[in-house]
1. On a 18 Å Cα-Cα criterion, which of the cross-link pairs Lys22/Lys306; Lys147/Lys197; Lys22/Lys76; Lys149/Lys197; Lys22/Lys294; Lys220/Lys315 come out too long?
2. Go through 173-181, 234-242, 34-42, 218-226 and give me the packing order, highest mean Cβ count within 10 Å leading.
3. In square nanometres, what is one fourth of the surface area of the convex hull spanned by the alpha carbons of the range 1-146?
4. Helix 228-253 versus the longest principal axis of the chain: what angle, 0 to 90°, nearest 10, using Cα atoms?
5. Considering only the other residues whose Cβ falls under 12 Å of the Cβ of Lys92, what net charge follows from Lys and Arg at +1 and Asp and Glu at -1?
6. Within 15 Å, Cβ to Cβ, of Asp169, how many net charges do the neighbouring residues add up to if Lys/Arg are +1 and Asp/Glu are -1?
7. Which log10 I(q)/I(0) values does the range 174-236 give at q = 0.13, 0.25, 0.27, 0.30 Å⁻¹ under the Debye formula, counting every alpha carbon as one identical point scatterer?
8. So what's the angle, to the nearest 10 degrees on a 0 to 90 scale, between helix 295-310 and the longest Cα principal axis of the chain?
Amino acid sequence: MRIAVDAWGGDFAPREILLGLKEARSSHDDLLVLGPRDKLGSLYSEMSMDEADFPIVDAPQIIEMDEDPTRAIRRKPNAGITLGVRLMSEGKTEAFISAGNSGAVMTAAWIGLRRIGEIERPAIAVLIPSHNSYTVVLDVGANMDCKPKHLLHFGIMGAEYARIVLGIDRPRVGLLSIGEEEGKGNEVVKAAYQLYKDRREHFRFDFTGNAEGQDIVNGKIDVAVCDGFTGNVLLKFGEGLIELIFQRVSRELAGTLQEERIRHVWKKLDRSEYGGALLLGVEGICMICHGKSKARDIHSAIRKAKDLADQGIVKKIRTSLTSLEA
């Protein structure tokens, strides 16, 4: 399998990205490294990396984290992000991974790749730790405003993602709202609820109705569907809360026998355990990693991208959409 990785994306690039590539190296996969060749050459020597093992695709331009996504991909056709998407669109790679400007990654993918079936909007899906496993939450930032049909498509895509990453035959999909009763929520959520209700017999998942915020972590649902504004606020709040709790508990238990147990629990909550977020809705595997990604994040993202491609997530989403339309 051929996977392209943006070596210059993220706060700790390029060194941590390259370390992640070294950790993930497999004789069965080709890991292409996108970045300025002149700078990568010296890093390869310093880090004992061989271009025979990690082929370089020269990407002399760099899209900064604070650049406007649309303008950046138009002005910088030879940046790692734009080249990574182009390689996928030309069939030269099966997946692309970047911890760089997430808006630029999403925009480049949405413009440069074909859309799956009748999908009108992409969605960024993440895994959030729950009581016994994880919950897929989408969208977490691709769309600030959504139509009811978009939320329906998010549920279909999220369910197929959950089937693969969580190993669940019929995921439970909930529509995130301010109450579990039917009729709760804004006009978009209420209209989306009706779409789900009218089509539930054609789903490859179980629609559980409205879900509240606590249901994401208590194990009541496997997939939570929302617009990108709500999802992004939820995600950033959750990350900050987990970090706060870990720091305070660690400080209280520092030097005690319980300190190691706390670190063990933290490892299960650490985002680097499950890699980046998947951009759903495009023909290809496009992983958007956290801007603070380190080697383990990149390693996990590569492993997940390979698994999703091997299990044919794009084909499964297309099949679900076709069945629904029929």
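1. Result: Lys22/Lys76; Lys220/Lys315 exceed 18 Å.
2. 218-226, 173-181, 34-42, 234-242
3. Dividing the Cα hull surface by four gives the mean projection, 10.6 nm².
4. The angle comes out near 70 degrees.
5. Details: positive: Arg2, Arg86; negative: Asp30, Glu90, Glu94.
Every neighbour counted, the sum reads -1.
6. Neighbourhood net charge equals +2.
7. So the normalised log intensities are -0.32, -1.15, -1.28, -1.41.
8. That works out to roughly 60 degrees.
Only the coordinates and a few stated rules stand behind these numbers; no lab work does. All values reported here derive from a predicted model rather than from experimental measurement. As a convention, Cβ positions derive from the backbone with ideal geometry for all residues, glycine included, and neighbour counts pool all protein chains shown.
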